[in-house]
Amino acid sequence: MTSPEANEPDNREATDPAMVVRSDEMAAVARATSEGATAAPRGNYIAQAWLVLLLALVFASGLAAVQITLGPLIAANKIAETRRLAPELLGRDQVELEQLEIGERPVFRATAAGETAGWIVPVAGQGFADTIELIAALDARAQTLLGVRVIGQKETPGLGDDITKPDFTGRFANTPATATLRAVKDGEGPGAIQAITGATISSQAVCAALNQMLADADFRAALAEAASAAVAQPQSAPPGSPGAPSPEAAAESAAPADKEGAR
């Protein structure tokens, strides 16, 4: 007698080897696709980083080339501006400038009528936006700060750039060179400089740059020595320079001596 189970069909599905292989291939493809999707952005980031570095190198090279090309012209313009402002700072109609190096700093010795009229010292310091470039005038003995002028700056227009105006630079006139300059809102005393309203940082930057120069002990000692020597041994004014006697006056002054010699 046949059992009922024997007549029932077998519902269990047989495992097809081909289907197993196909499933493994699909899984491998999926893994490869996932790994490729992950690696692709990483490769893009590296390429972008190299591009940024290349562009930075190109721009830096361009700026360096411009600086090398225009550097001498910029320096010449600053010297010309210094020569133009020197008489005003020293209170003279005209002066001659001799460029020196004192205490490892560039310095201009100003002469008038063969005598030392003062010293012009280029100074620079960090401002609010960029470097502030100044020239400071000292008297013949380098004991008094006669005046200051700003010859280069990129401070905020309408605020910080007011450091170029005479209303501010005039506050430094006739300040003892030994005083520590301080930008203050209100106050008096040696070294107290009224700051510009709304531009305290720029005002402080000017004072800090000047203090750095005035507090440089080696420079001050070398400048004092040069000033003492220059005052003790005044040079005769070359013909045609400011204060030099005319040929007629020189001849007249020499005539009596010639007559005395003849006697």
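Take the residues in region 175-205 that are in a helix (DSSP H, G or I) and of a type outside the set (Ser, Thr, Tyr), then tell me which one is least open to solvent (accessible area, probe 1.4 Å). Among residues in region 175-205 that are in a helix (DSSP H, G or I) and of a type outside the set (Ser, Thr, Tyr), the one least open to solvent (accessible area, probe 1.4 Å) is ALA205.
Confirm whether THR111 is touching a strand residue (DSSP E or B) at 6+ places or on another chain (Cβ under 6 Å), assigned to a strand (DSSP E or B) and open to solvent by 10 Å² or more (accessible area, probe 1.4 Å). Criteria met by THR111. For GLN67, the criteria (1) of a type outside the set (Lys, Arg); (2) surrounded by fewer than 10 Cβ atoms within 10 Å (Cβ to Cβ); (3) within 36 Å of the chain's Cα centre (by Cα); (4) at pLDDT below 85 hold in every case but one, which is (2).
Among residues that are in contact with a helix residue (DSSP H, G or I) (Cβ under 9 Å, 6 or more places away or on another chain), open to solvent by 40 Å² or more (accessible area, probe 1.4 Å) and part of a strand (DSSP E or B), PRO122 is included.
Scanning region 36-46 for residues that are open to solvent by 60 Å² or more (accessible area, probe 1.4 Å) and either modelled with pLDDT of 65 or more or among the hydrophobic types (A, V, I, L, M, F, W, C) (or both) yields ALA37, ASN44, TYR45, ILE46.
The set of residues in region 129-174 that are free of Cβ contacts under 8 Å to residues at least 40 places away in the same chain and open to solvent by less than 10 Å² (accessible area, probe 1.4 Å) comprises PHE168, THR169, PHE172. Only one of the listed residues (ALA222, ALA208, ALA254, ALA229) is at pLDDT below 55 and either within 22 Å of the chain's Cα centre (by Cα) or not in a strand (DSSP E or B) (or both). That residue is ALA254.
The values are calculated or read from the model by the stated rules, or taken from the named source; none is laboratory data. Every value quoted in this text rests on a predicted model; they were computed, and no experiment measured them. Counting neighbours? That spans all protein chains shown, and the Cβs are built from the backbone with ideal geometry, glycine included. Ligands, DNA and RNA are stripped out before the accessible areas are found, and what is left, the full protein with its side chains, is counted by its heavy atoms. Shrake-Rupley method; radii C 1.70, N 1.55, O 1.52, S 1.80 Å.
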